[in-house]
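To start, the structure itself, in structure tokens.
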Amino acid sequence: MQRILRHTLIFAIVSITSFTAPVSAFTHNTRESSSRSSNLNSEKVQQRQLASSQRGVCGTEEPTTQLKDAHKRLSLREYRHAEGSIDGNASRATADSLPRIEVDTWFHVVSTSEKVGLVTNTMIASQFLYLQQAYQNSSIHYNLIGVDRSINDTWARNGDSAAMKRTLRKGSYSALNVYFQTDLEVSDASGASSRRNGHHHHHIQNLDKRDVLSSQNLLGFCTLPNPEITSSSSIDDYFNDGCNILASTMPGGSIEHYNRGGTTVHEVGHWHGLLHTFQDQTCAPGANGDYISDTPQQSVPTEGCPASKDSCSDLPGMDAIWNFMDYSSDDCYRSFTVEQASRMRSMWATMREGK
Ligand SMILES: [Zn+2]
């Protein structure tokens, strides 16, 4: 077991160094034409999904009052960059001046017996590289300590998730555990926020109709930090902590436009305490939104990758469609803002470090 695990890790490291990154976090790909033919049945499924999954009411768990209070408190305390513009991205200079945060990280690949070959070692290495790159400007570094693989038809669709996490979870509350599941479905697991793919259903390959219908195409969800956890908390208080990701969103996965690894980056953003850029979905002046001042107020989640969007046109700034905490497709994803970076860092210091 130990040997297998070590072998996997070495493979991952070799793959990362020799990987000619088609998944660069900071490259903006031209949008592919989506005018390809699709069959009518799939279109019907798509329309039904859009109607029933209600984009406006996404599966995201609302942050607790305690977490919102933490956001308010931290936003007052944080150093505000003089040059932080309304659409300024976290810059290289910012990262260089910040001490590096090191996050112990475990990847758990959970497959059905049928899809046991779905997640390749190359996909794992590419996903880790993309995660690393995406958080580089926040000076958050992930140490991939372990990769394990499980074959379990129930766990792969997130059934009996408590047993899965009690068995697989590693490290303390400051350790990031990511579960890549081949058949992820909505479960009764609370404390989760999710990213859904409300469209492009006709592009999905390698998924049968039952998967699409029953899972409502759930891409992932993750726990937000729990302010009640302390350094003396027991694992029983936080075994559920971590991120659940549909494995086919990994780089090289089957979901077109959502297969560059952006879902993992988005969900890990929640793990660091970030909320959606469209939080509260309102243009009301003075609304708290995501408690981040350099993400323009946004009332509607972005779908796909439009050229531009401005859901609160009377307020400053266009929608940050390139932001990892929007719902845009992976093609659009580019970065976090300066203030999101500093919020993740202060959340780390208060919520997870040393716990
Ligand atoms: Zn989300």
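The values are calculated or read from the model by the stated rules, or taken from the named source; none is laboratory data. Please read all numbers here as calculations on a predicted model, not as lab measurements. So basically every Cβ, Gly included, is an ideal-geometry build from the backbone, and we count neighbours across all protein chains shown.
Laid out as a table, the results:
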item	result
Scope the stretch 147-164; condition surrounded by fewer than 19 Cβ atoms within 10 Å (Cβ to Cβ) and either in a loop (DSSP other than H, G, I, E, B) or touching a His at 6+ places or on another chain (Cβ under 9 Å) (or both); matching residues	Asp148, Arg149, Ser150, Asn152, Gly159, Asp160
The listed residue being at pLDDT below 90, buried (at least 23 other Cβ atoms within 10 Å of the Cβ) and either away from the ligand (no atom under 16 Å from the Cβ) or on the phi > 0 side of the Ramachandran plot (or both), out of Asn217, Asn206	Asn217
Of all residues in the stretch 254-283 being surrounded by fewer than 23 Cβ atoms within 10 Å (Cβ to Cβ) and more than 16 Å from the ligand (Cβ to nearest atom), the one that is farthest from the chain's Cα centre (by Cα)	Cys283
